[in-house]
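What follows is one structure encoded as structure tokens, with my remarks underneath.
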Amino acid sequence: MKKFITTLLAVGISAAALAGCGGTADSTTQTVSTDGSTSMEKVIGYLSEAYMVENGGTKITYNPTGSGAGIQAVSEGRCDIGLSSRDLKPEEAETLDAEVIAIDGIAMIVNPQNPVSDLTIEQIGKLYKGEIANWSEVGGSDAPVVLIGREAASGTRDGFESITGTEDMCKYTQELTSTGDVVQTVSTNPNAIGYASLASVNDSVKLLSVEGVTPSTETIQNGTYKIQRDFVFVTPKNKELSEAAQSFMDYASSAAADEMIEKAGAVPVKR
Amino acid sequence: MKNLKKTTDALEKAMNAVFTFCGFLAVAFVLVITVFLVISGIPAIGEIGITDFLFGRVWASTAAEPQYGILPFILTSVYGTAGAIVIGVPIGLMCAVYLAKMSGGKSAGIVRTAVDLLSGIPSVVYGLLGMIIIVPLVRKVFDLPDGANLFSAIIVLAVMILPSVISVSETAIKAVPKEYEEASLALGATKTETVFKVVVPAAKSGILTAVVLGIGRAIGEAMAVMMVAGNVANMPGLFQSVRFLTTAVASEMSYSSGLQRQALFSIALVLFVFIMIINLILNFVVKRGESDE
């Protein structure tokens with residue numbers, strides 16, 4: 001029993017000592033705070049992880065609030081870098097700088113058995129709004145359209161709906177919580193159509209071209225593929241960035257970051 | 001010698017304190033969870049209005065003008081659970097009868113091992129199999145545009161509640177005194193008649209316990225149904241894409257904010273109240289079963 005108590009004490013003391021150590025380590029680290037678009041979570045995650053491995057003294061925080069809130073936060077000085085998945089509005093651009101870090105290409109996918117291979121953005125909008133309910137109306141076989149989408153909080157859904165002008169109007173058949181689920185479901189249902197980040201599309205589904213343009217890194221970079229949006233770092237015009245924030249920003253816009261951006265499912269900017 | 005007695009006494013006291021502490025820890029967890037859910041769940045209900053919240057038919061939490069009606073979720077959970085019970089309980093009960101009364105030693109062992117394994121399979125695996133096998137099958141068999149609907153969820157839930165239904169009702173059936181059965185057989189009843197008219201009625205309260213446990217398991221399941229039910233906040237229909245109370249919380253929690261987040265806590269509170277009611281019923285059933293004997 002004595003031994004037991006001694007062990008307990010020893011564990012307790014060492015735990016307290018360790019906790020003490022944790023408290024003092026922070027003073028030397030620098031923090032870069034980012035705030036904004038939930039769609040950029042993966043990109044920021046990959047970039048900050050890779051950056052922090054190389055720069056041990058810097059800690060990058062990310063607060064997923066949404067593009068609007070992120071722009072607001074950086075203009076009020078509440079964070080170092082604002083994250084936006086839309087371009088700045090003219091009045092915002094008066095005081096803020098925007099730098100495109102990556103491009104988000106959203107691919108439209110159907111089952112390989114579906115004869116349809118090209119849709120216009122207008123057709124896609126009508127399909128998702130339920131105005132076109134049968135594949136025969138867009139050149140397919142006589143079968144009902146099954147609309148596969150993402151959950152309400154998804155960044156991909158937000159991007160897709162804002163580009164096709166279908167916000168809050170989509171008549172989804174299924175709302176799935178991951179890109180993988182969307183691809184899987186479309187691959188098993190011959191009548192399904194879905195959207196997913198280009199990087200996560202595989203051979204089990206058929207990639208649609210939109211207005212005649214097939215999505216690829218190239219067509220997304222030159223802007224001919226339409227269902228895409230920019231991932232933007234927003235910084236104040238009148239204020240110098242902290243050294244750490246500037247360094248992270250330089251890293252994110254350098255060629256070294258391209259690999260991480262691709263891993264995160266986005267398309268790097270053409271340099 | 002005296003010294004040794006002293007240390008034993010001290011040890012006894014210390015361990016007594018440890019046991020008591022652990023006992024109360026469980027109580028503390030329940031209290032903390034309850035208090036937390038009530039505190040975080042009430043504000044949104046107040047803001048939305050309890051009738052709009054509980055009986056509103058539209059859930060559009062991220063729309064420009066958000067609406068927070070959870071009637072579709074409540075009904076889906078109730079229908080889904082009821083469906084799972086309707087399919088799962090008869091199968092489970094008959095399996096329990098087989099295990100307790102009909103089978104010889106070796107085959108019962110195989111079935112029992114299978115049932116135990118079934119209970120150990122993680123729910124995400126049920127969901128995955130449901131998504132890959134049941135959803136396409138339901139689509140083909142019923143000639144639907146899409147197979148992710150309430151019916152697929154019911155099938156998956158029915159399989160998931162089998163282990164608890166089987167093991168609890170088997171115990172109940174085995175507890176029926178052998179004399180009842182022998183008397184029935186001696187009076188000339190067949191084995192089947194004996195099972196359904198003597199053994200099952202005698203094991204009634206145990207079987208009811210199994211049913212209530214099954215309800216609890218089905219209503220609280222999130223992962224598996226999220227993968228097969230389609231998750232659109234429709235009013236429930238058998239072949240309609242639906243969202244359960246559990247999946248409503250799980251699918252939106254990660255990025256929710258403000259009133260939407262609070263409303264998700266309120267849904268969790270509603271679910272918690274459901275589970276509490278089920279537990280109370282279970283206690284009642286068990287107590288009545290005891291007083292019967």
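The values are calculated or read from the model by the stated rules, or taken from the named source; none is laboratory data. Only a predicted model underlies this, so the values are computations on that prediction, with no experimental measurement involved. Please note: Cβ atoms are built from the backbone with ideal geometry, for glycine as well, and neighbour counts cover all protein chains shown. The area values use the complete protein model at the heavy-atom level, side chains included, leaving out ligands, DNA and RNA. Shrake-Rupley method; radii C 1.70, N 1.55, O 1.52, S 1.80 Å.
For the condition at pLDDT 90 or above and open to solvent by less than 40 Å² (accessible area, probe 1.4 Å), A:V201 does not qualify. Given the criteria buried (at least 23 other Cβ atoms within 10 Å of the Cβ), in contact (Cβ under 8 Å) with a residue 12 or more places away in the chain and among the basic types (K, R), does B:R217 qualify? For B:R217, the condition - buried (at least 23 other Cβ atoms within 10 Å of the Cβ), in contact (Cβ under 8 Å) with a residue 12 or more places away in the chain and among the basic types (K, R) - is not met. Taken as a whole, the structure places B:F53 among residues that are away from every other protein chain (no Cβ under 14 Å) and either basic (K, R) or over 19 Å from the mean Cα position of the chain (by Cα) (or both). Is it the case that B:G147 is open to solvent by less than 40 Å² (accessible area, probe 1.4 Å), touching a Pro at 6+ places or on another chain (Cβ under 8 Å) and farther than 21 Å from B:I281 by Cα? For B:G147, the condition - open to solvent by less than 40 Å² (accessible area, probe 1.4 Å), touching a Pro at 6+ places or on another chain (Cβ under 8 Å) and farther than 21 Å from B:I281 by Cα - is met. Report, by residue number, each residue of region A:86-123 that is open to solvent by 10 Å² or more (accessible area, probe 1.4 Å) and in a loop (DSSP other than H, G, I, E, B). The answer is A:R86, A:D87, A:L88, A:K89, A:E94, A:T95, A:P112, A:Q113, A:P115, A:S117, A:T120. Residues in region A:160-197 that are surrounded by 24 or more Cβ atoms within 10 Å (Cβ to Cβ), away from every other protein chain (no Cβ under 12 Å) and not in a strand (DSSP E or B): how many? Residues in region A:160-197 being surrounded by 24 or more Cβ atoms within 10 Å (Cβ to Cβ), away from every other protein chain (no Cβ under 12 Å) and not in a strand (DSSP E or B): 2 in total. Checked against (1) touching a Lys or Arg at 6+ places or on another chain (Cβ under 6 Å); (2) away from chain A (no Cβ under 11 Å), B:A233 passes all but a single condition, namely (2).
Just one of the listed residues (B:F36, B:F53) is in a helix (DSSP H, G or I) and open to solvent by less than 30 Å² (accessible area, probe 1.4 Å), namely B:F53. If you filter region B:1-20 down to residues that are hydrophobic (A, V, I, L, M, F, W, C) and within 14 Å of another protein chain (Cβ to nearest Cβ), you find that the one that is surrounded by the fewest Cβ atoms within 10 Å (Cβ to Cβ) is B:L4. Whether a residue is closer than 20 Å to A:Q174 by Cα, open to solvent by less than 20 Å² (accessible area, probe 1.4 Å), within 12 Å of another protein chain (Cβ to nearest Cβ) and hydroxyl-bearing (S, T, Y) was assessed, and B:S61 passes this test. Here B:A222 fits the description: under 18 Å from A:E151 (Cα atoms), open to solvent by 20 Å² or more (accessible area, probe 1.4 Å) and within 14 Å of another protein chain (Cβ to nearest Cβ). Whenever a residue of region B:84-109 is under 19 Å from B:G214 (Cα atoms), its partners that are among the charged types (D, E, K, R) and open to solvent by 30 Å² or more (accessible area, probe 1.4 Å), lying with C-beta atoms within less than 7 angstrom and at least six residues away or across chains, give the pairs B:L99/B:R112. Just give me the residues in region B:25-64 being more than 17 Å from B:F272 (Cβ to Cβ), touching a strand residue (DSSP E or B) at 6+ places or on another chain (Cβ under 7 Å) and touching a residue at least 24 places away in the same chain (Cβ under 8 Å), in sequence order. Passing the criteria: B:I48, B:V58, B:W59, B:A60, B:S61.
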